[in-house]
1. Would you mind ranking 230, 472 by Cβ crowding within 10 Å, fewest neighbours first?
2. So what's the projected area for the stretch 415-527, the Cα convex hull averaged over all directions, in nm²?
3. Which entry in (1) 26.0; (2) 29.3; (3) 38.3 matches Kirkwood radius over Cα pairs in Å derived from the coordinates of this structure?
4. Can you give the FRET efficiency for residue 168 and residue 482, using 1/(1 + (r/R0)^6), R0 = 51 Å, r = Cβ-Cβ distance, to the nearest 0.05?
5. Can you return the aspartates and glutamates within cross-link range of residue 206? Criterion is Cα-Cα under 16 Å, with same-chain partners fewer than 8 residues away left out.
6. Using alpha-carbon pairs under 8 Å, 6+ residues apart, how would you state the relative contact order of the chain in percent?
7. Please compute one quarter of the surface area of the Cα convex hull for the stretch 3-207 and express it in square nanometres.
8. Run the reach check for residue 115 against aspartates and glutamates, Cα to Cα strictly under 13 Å, same-chain hits fewer than 8 apart removed. What comes back?
Amino acid sequence: MLTSTFYRLINEELEQILAKHPNDEALHTHRNPEQNKGYAFLVWFLDFYGQQPLYNRYITDGKDDSSCDIIFSNTDSHEQTIFYVVQSKWVSLKVSEEGRLLRKNKPIQEYPKIKKEEFNAVISDFATVASGTRKPGKNESFNKKYEELITHLERNGKAKFIFFTAADYNETIEDNMQAFKQEYAPNITLELIGIDRIRRDYIEFKFKEIVANNPLEYTYSPEDTDIVLDIERYKNGGNPLDDNAYLSTRDMLQFEGRTQAYIFTLKPKTIHTLFKKYKFKLFFKNVRNPLHRSNYNEKIVETLQRRPDTFWYFNNGITAITKRIPDVGKNAQTLTVKGLQVINGAQTVYSVYQAYENANHDQREIMDTDARISFRLIRSSDEDFNLEITRFTNSQNAMEPRDFVANLEEQRRLQNESFKTAVWYEKRRSEFRLEEKKLQELGIRVLPNRFFVESYLAFCLQRPTDAVFNSDKFFIKSVGTVKGLYDDIFNEKTSFENMLAAALMWEQIGDHQASVINSLLSGFYILPEEQNMALYVLAFSRVILKKYLEATYPNKLINIDQFILNNAFTKATHYDIIFNANAYACYRFIGRIYLSNFENVKLHVKQLVKSNTFYEVLVHEEENSSIDLKEFEEAANNLDKMIKLAQSMLPTNKEKDTE
């Protein structure tokens, strides 16, 4: 979503807040509605992250019309009190009828960044609060909370300072941020939430219906923490007169294999405690994570509430991985593991949590007495092995290879980068829940990552043969004898801008042109229907575009991908260059394959599909030839003639190469 589009969305929601509370004096302090948006922005922040009821008690105006402060406290999952100090800063811009952002009635050239001097003032304010030297203001409720904060810090309590701004990040403030963090660590932390983070959380919550990481909740990571699990042991088969006689051979299973593993049973209370403490971070490595807000299974909840004694029989249980499991003794009822990730059964965990959370004391007792959940725990710190476990434990339903890597850092990074544009990177199937019509209204398109990958592999990496014939390996890592392309495609050099440029060029080729190319090449070599040979032309178009730009602008170093991003739309200044590059690439590519005798054409097509080597030969020949600029500009007309000539050379089915 373009920043201008997102700003308009938030601006409209601030106007709705002001209109919804016409009698709230705090929201309407200023005669100019624009000046009231600073207060409304903090109200929006508290409402969005779930703390809305606090706003009218503790907010105090800042030193200007666009900033506000608030201090409040929450109890975290450890039952510890955490104080939050928040300062917000709205960016006041006007929105034209065309949707452009204006400042002083002129279109802005660049979205505003955090001003260094303003941020220094925020840090200075935070420092006076943290050190206890801030003077009381007019808001008595705010003053009272401030006194409570100081007492809390004196008792070694924790606090989180948040600067919430509609401006964009500015690298020049980084040193001051780090200096504050070092000065007041470890009990005081600092978080900056700018327009990019707000947009990301907004998309997660509104478009995916996922509970985003909440800056107003103090959550703990389960990946590297010591976690205590209460496991259930039964007295069946021991001395009936001895209450401490536990039979270890029937109430758990210990597997002696490649790695240490157990199967236990847990009470609903244990599951509830785990989720309450770690929330959705428990599912970071789960391919079906993150869960939608409404995605708890009503059947699971109903069984736990109404027929808890049948729960173990009906539910498949939970599979989790951990970095360390201690030896489990005969009488052990608790064990401490190092880190925990649920890789299968996330819906069970979330549903058990919902049922238990909404139950009263008596209902919880019944659940804990009658219901048990199977819990398979596997020790592993091998990330590749973890991925394999995840893949096979989630194979009961149809899954695509891309689903198993959707939670990896590079996939999340590429998607977050895409959120700054009007074309979004879908890293897992059906993850965006918003109607297509609403997306279109916002000018947003969603494309699956496999579409980005095939175009990027062909266009940017110049490996069209892999793009055409090895699509099943796009999201597979090379492990042992299994050879995949994942690490070749996704690495530190992979940027969404490059992927988007490739995808836009791929779209320019169009279905009609692609079908013509496929029919011409498959005329000499029988190919599976799903293979799109037009990816060779896409790859070739980069070679052609580079040659054209070098010939036209000999004294300029032009970034090809950036040129495409700036011009790949019908109203762009140089759209005709993009269009002609594709047409001319098709013209030259077909010419190099077809302008020969019949037997050579057959050989060329056969060589093309066997490896990338023949394509590289074609590229080398093209790079060492001059470009006819007039021919380039008339590429569309010349292409039609070339296609007709090539079609006249197509063999009959009997003459096709079937090797």
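What follows is calculated from the coordinates using simple rules that are stated; it is not laboratory data. It should be emphasised that the depicted structure is a prediction, and the values quoted were computed from it without experimental measurement. A quick note on method: Cβ atoms are made from the backbone with ideal geometry, for glycine too, and the neighbour counts reach across all protein chains shown.
1. 472, 230
2. Details: hull surface 35.8 nm².
Over every viewing direction, the Cα hull of the stretch 415-527 projects on average to 8.9 nm².
3. (2)
4. Values: r = 42 Å, r/R0 = 0.83.
Approximately 0.75, to the nearest 0.05.
5. 12, 13, 47, 196, 426, 431, 435, 436, 441
6. Worked out over the chain, it gives 9 percent.
7. Mean orientational projected area (the stretch 3-207, Cα hull): 12.5 nm².
8. 168, 171, 174
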